[in-house]
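Just so you know, all these numbers are worked out from the coordinates, no wet-lab data involved. The structure presented is a predicted model; accordingly, all values stated were derived computationally and were not measured. Note that we place each Cβ from the backbone using ideal geometry, even for glycine, and neighbour counts take in every protein chain shown.
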Amino acid sequence: MGLFRRKKKHVPFWIRKTHLFRKDEFICSECGYNTKKAYKTCPCCKAPMSKEIFDPSWVDEIEMQDMMFDD
């Protein structure tokens, strides 16, 4: 048994947040930089991006609208 464990390699990615009445935004998983377009590398920390993960936060916005208008 080894004394040292290998660290799991963290691969940076974009978190895509979709909104109901606004454009999508992309957030870097490394530095938290917020942009309107998914680049191949983060403009702030220069991390090479591997993939994009979808964040369904727009569902909360729809539920709020539904509560307000009581449909």
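Residues in segment 23-71 that are of a type outside the set (Phe, Trp, Tyr), surrounded by 11 or more Cβ atoms within 10 Å (Cβ to Cβ), part of a loop (DSSP other than H, G, I, E, B) and in contact (Cβ under 8 Å) with a residue 12 or more places away in the chain: ASP24, SER29, GLU30, CYS31, ALA38, CYS42, CYS44, CYS45, ALA47, MET49, SER50, SER57. Residues that are of a type outside the set (Phe, Trp, Tyr), in contact (Cβ under 8 Å) with a residue 12 or more places away in the chain and in a loop (DSSP other than H, G, I, E, B) within segment 12-22 comprise PRO12, THR18, HIS19, LEU20, listed in sequence order.
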